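The values are calculated or read from the model by the stated rules, or taken from the named source; none is laboratory data. Every value quoted in this text rests on a predicted model; they were computed, and no experiment measured them. Ideal geometry is used to build each Cβ from the backbone, glycine not excepted, and the neighbour counts take in all protein chains shown. What goes into the accessible areas is simple: the full protein's heavy atoms, side chains included, and nothing from ligands, DNA or RNA. Shrake-Rupley method; radii C 1.70, N 1.55, O 1.52, S 1.80 Å.
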Amino acid sequence: MAQINNIGVYTSGGDSPGMNAAIRAVVRSAIYYNVGVTGIRRGYDGMINGDMFPMNRKSVSNIIQRGGTILKTARSEQFLTPEGRKIAYEQLKKNNVDALVAIGGDGTFRGARVFGQEYDIPVVGLPSTIDNDLLGTDFTIGYDTAINTVIDAVDKIRDTAESHDRLFIVEVMGRDSGLIALRTGIAAGAEAILIPESKTDLKAVFERLESGRKDKTSKIIMLAESGEAGDAFEIGRQIKEKFPNYDTRISVLGHIQRGGKPTCMDRVLASRVGVAAVEALLAGRRNEMIGLIHNQIAYTAFENATKHFVDVNPDFLKIVEILSI
Ligand code: ATP
């Protein structure tokens with residue numbers, strides 16, 4: 001096992017609150033263990049362009065509470081090609097980077113896995129995405145902040161929904177995952193939840209609206225973006241057609257879900273897995289994501305972490321049904 005002298009750290013893919021806390025943890029623990037640390041800007045694009053700089057204890061001062069990522073993030077077309085990855089490897093060698101911590105979601109880890117197979121460089125990953133859609137960790141960095149942002153917004157929407165007797169369809173993020181919609185739907189007291197994982201179709205929602213209390217005039221339907229049933233505007237159109245007496249409104253929460261100060265949960269998660277990532281590299285581990293399962297550090301091969309099939313708990317859907325009467 002070759003000695004590690006200089007760890008490169010980067011954030012990649014969609015940003016999520018808590019990435020800065022993760023960068024801080026990696027930088028500070030590398031220094032603690034007397035290892036150099038190099039910041040790589042804009043994920044794989046920065047690696048290819050040689051956009052890297054040495055980091056020290058002060059480079060990560062006063063960032064634990066900030067949303068976004070001081071290293072910036074990007075999606076890189078070039079890294080998808082073997083030629084792009086070859087340049088990235090050469091740049092890392094030029095900058096004396098001999099190990100990597102990747103902070104991102106499933107795409108980031110797919111890239112890290114390929115890279116670790118093609119080149120002899122240890123890579124470990126920190127799960128950081130608002131979607132919580134990785135196997136091998138109970139929660140991903142950013143998810144807790146995002147769901148709290150959503151319920152804060154939906155609580156406000158409820159005030160106006162109640163005052164005007166309106167039905168609101170609230171669309172939240174989650175490209176292929178309904179975990180944000182599912183949890184926030186329960187927390188915000190939604191009447192129905194539409195997510196890609198369950199076969200909840202619009203018919204079931206219609207039935208629920210029909211059989212629901214007639215004296216309950218304000219309603220919230222939570223929807224994960226790009227589910228089978230269509231986007232919020234399509235669903236709104238169909239509800240308006242079927243229930244012309246409802247005053248239906250649509251609210252797409254969008255990018256506010258990615259921003260803001262990370263919650264305490266996300267900062268602690270980022271700090272724990274960040275320290276564990278450096279320790280894992282120094283212990284000779286590679287090609288693994290470092291997560292938390294049942295509050296314990298857990299190592300999952302990139303290959304398994306990115307299977308992208310996270311079961312939704314059917315009890316959660318049942319809870320929505322029971323509590324929305
Ligand atoms: P989020 O889920 O929050 O959007 P992510 O990490 O999944 O984050 P992606 O945009 O899917 O974000 O992936 C980030 C980058 O990883 C891509 O732009 C690409 O450069 C790299 N990548 C993804 N898949 C591969 C792959 N199969 N081979 C090489 N690189 C890849």
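Starting from the Cα of K318, step 7 Å along the direction of its Cβ; do the same at I31; then give the gap between the two resulting points in nm.
A separation of 5.1 nm, rounded to one decimal place.
On average, how much accessible surface per residue is there in the chain, in Å², for a 1.4 Å probe, leaving out ligands, DNA and RNA?
45 Å²
In whole percent, what relative contact order does segment 166-325 give with Cα contacts below 8 Å and a gap of six or more residues?
Across segment 166-325, relative contact order equals 31 percent.
Per residue, how much space in cubic angstrom lies within the convex hull of the C-alpha atoms of segment 4-48?
Values: hull volume 2.7 nm³, N = 45.
Convex hull volume per residue, Cα atoms: 60 Å³.
Under 30 Å Cα-Cα from K219, which lysines qualify once same-chain neighbours fewer than 8 residues away are excluded?
K156, K199, K203, K240, K242, K261, K318
Which value, to two decimals, describes the C-alpha radius of gyration of segment 145-258 once divided by 2.2 N^0.38 Å?
Values: Rg = 12.8 Å, N = 114, 2.2 N^0.38 = 13.3 Å.
Normalised by 2.2 N^0.38 Å, the Cα Rg of segment 145-258 equals 0.96.
Among DSSP beta bridges whose residues both lie in the chain, state the antiparallel percentage, nearest 5.
Restricted to the chain, the bridges split so that about 20 percent are antiparallel.
Find how many whole Å separate the alpha carbon centroid of segment 73-93 from the alpha carbon centroid of segment 230-284.
That distance is 29 Å.
Any chance you could run the full-extension gain for E83 through T160? It's 0.36 nm times the residue separation minus the Cα-Cα distance, nm to one decimal.
Computed gain between E83 and T160 is 22.3 nm.
Go ahead and estimate [θ] at 222 nm for the chain from helices alone: -39,500 (n - 2.57) per DSSP H run with n ≥ 4, summed, over the residue count, rounded to 500. Don't skip to the end; give the middle numbers.
On the way: 11 runs with 132 residues, N = 325.
So the helix-based figure for the chain works out to -12500 deg cm²/dmol.
Over the chain, with a Gaussian network built from C-alpha contacts below 10 Å, which listed residue (G185, G84, G274) shows the highest mean-square fluctuation?
Evaluated over the chain, the most mobile residue of the options is G84.
Just need the relative contact order of the chain here, percent rounded to a whole number, with Cα pairs under 8 Å and 6+ apart.
24 percent
What ³J(HN,Hα) values, in whole Hz, does the Karplus curve 6.51 cos²θ - 1.76 cosθ + 1.60 give for segment 13-28 when θ = phi - 60°, with x put for Gly and Pro?
So the Karplus estimates, Gly and Pro as x, are x, x, 6, 8, x, x, 4, 5, 5, 5, 4, 4, 5, 5, 5, 5 Hz.
Expressed as a rounded percentage, what relative contact order does segment 1-157 have, with Cα pairs under 8 Å and six or more residues apart? Present the calculation step by step, with values, prior to reporting the outcome.
Values: 302 pairs, mean separation 44.3, N = 157.
Computed over segment 1-157, the figure is 28 percent.
Using a 1.4 Å probe on the protein heavy atoms, what percent of the accessible area of the chain belongs to carbon and sulfur?
50 percent
Which of Y89, Y299, Y119 ends up with the largest GNM mean-square fluctuation for the chain, with Cα atoms connected below 10 Å?
Y119
With springs only between Cα atoms under 10 Å apart, run a GNM on the chain and tell me which of N34, N96, N148 wobbles the most.
Largest GNM mean-square fluctuation: N34.
What FRET efficiency would be calculated for the residue pair A204, E241, taking the C-beta separation as r and a Förster radius of 22 Å, to the nearest 0.05?
Once the sixth-power term is evaluated, E becomes 0.85.
Can you compute the equivalent ellipsoid semi-axes for the chain, i.e. the square root of 5 times each eigenvalue of the Cα gyration tensor, sorted largest first and rounded to whole Å? Display every interim value, and only then the final one.
On the way: eigenvalues 350, 65, 55 Å².
Result for the chain: semi-axes of 42, 18, 17 Å.
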